[in-house]
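Notes follow once the structure below has been shown.
Just so it is clear, none of the values below were taken in a lab; they were calculated from the coordinates. Predicted model, so just to flag it, every value in this text is computed and none were measured. No Cβ is skipped: glycine too gets one built from the backbone with ideal geometry, and neighbour counts run over all protein chains shown.
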Amino acid sequence: MAADSPSIRFYFDVGSPYAYLTAERLETVITEPVQWVPVLLGGLFKLTGRSSWALGDYRRRQIGMAEIERRALSYGLPPMRWPDPWPSDYLTAMRAITYAFASGRGRAFVQRAYRNAFQRGVDLSIAARVFEAGREVDIPTAELRDALSDPDIKSALRERTDTAFELGVIGVPTIAIDDELFWGDDRLEDAAAHLRSVTAA
């Protein structure tokens, strides 16, 4: 991209099925280079005083899951298989992903983790399942295990989450085109249209 091209960022958490749907479509809808930014959704919830739509009201949860299943099929993706339990604690997974990006292997790891979670029903709150995803993209388990206790990795994830919140990110998936934010899988096409408008100007 040219130096004056818009900055394009994709904020995600591997526990979010809506972010999974966006991750699967991102490269076909937005063909320009995109920076993938791992953030901790639980951290955003604490900062905003919100909680997951999948917790609490049972009917709301069922409606939301059915909508995600419908979208996955409409996008040509495999049928959803939900981890049990879901949602869960994805701090370990997100620290591992933060390390994978720092070592240049983030995107492959994220896509494998997402597909394991939502196409195979793998529970990514279990460290062994996170290590399994790493091995599938040639990241040794010992390397990931060491990264999980690395204070630099811990602080990097925390700082990215805090910075995202300060920029106005309150949930995932969020696409940022410079300072313009598009929150939700259903806003991906809006983000692409906005990008076309600013690059054509």
| Fluctuation leader among G106, G168, G76 - the chain, Gaussian network, Cα springs under 10 angstrom | G76
| query | Among A176, V122, T92, which residue has its Cα positioned farthest towards the positive end of the charge dipole of the chain, with +1 placed on the Cβ of Lys and Arg, -1 on the Cβ of Asp and Glu, and the dipole taken about the Cα centre? | reply | V122
| query | Here are some values of percent of Cα pairs over 29 Å apart: [x] 24; [y] 15; [z] 21. Which one was computed from this structure? | reply | [z]
| field | Radius 12 Å from Cβ of L77, net charge of other residues (Lys, Arg +1; Asp, Glu -1) | value | +2
| query | Counting Lys +1, Arg +1, Asp -1, Glu -1, what net charge surrounds L44 among other residues with beta carbon under 9 Å of its beta carbon? | reply | +1
| note | In deg cm²/dmol, rounded to the nearest 500, the helical mean residue ellipticity at 222 nm of the chain, built from -39500 (n - 2.57) for every DSSP H run of length 4 or more, is -17500 deg cm²/dmol
| Among I8, I63, what is the fewest-to-most ranking by other Cβ atoms within 10 Å? | I63, I8
| task | For the chain, with a Gaussian network of springs between Cα atoms less than 10 Å apart, report the residue from A142, A117, A23 with the top mean-square fluctuation. | result | A142
| Measuring from label point to label point, each 7 Å out along Cα→Cβ, what is the S7 to D178 span in nm? | 1.2 nm
| request: Could you line up L55, L91, L124 from fewest to most neighbouring Cβ atoms inside 10 Å? | output: L55, L91, L124
| the chain - share of DSSP beta bridges that are antiparallel (%, nearest 5) | 65 percent
| Amide hydrogen neighbours beyond the local backbone of W36, cut-off 5 Å, H modeled | F10
| query | Comparing L41, L157, L167, which has the greatest mean-square fluctuation in the GNM of the chain with Cα pairs linked when under 10 Å apart? | reply | L167
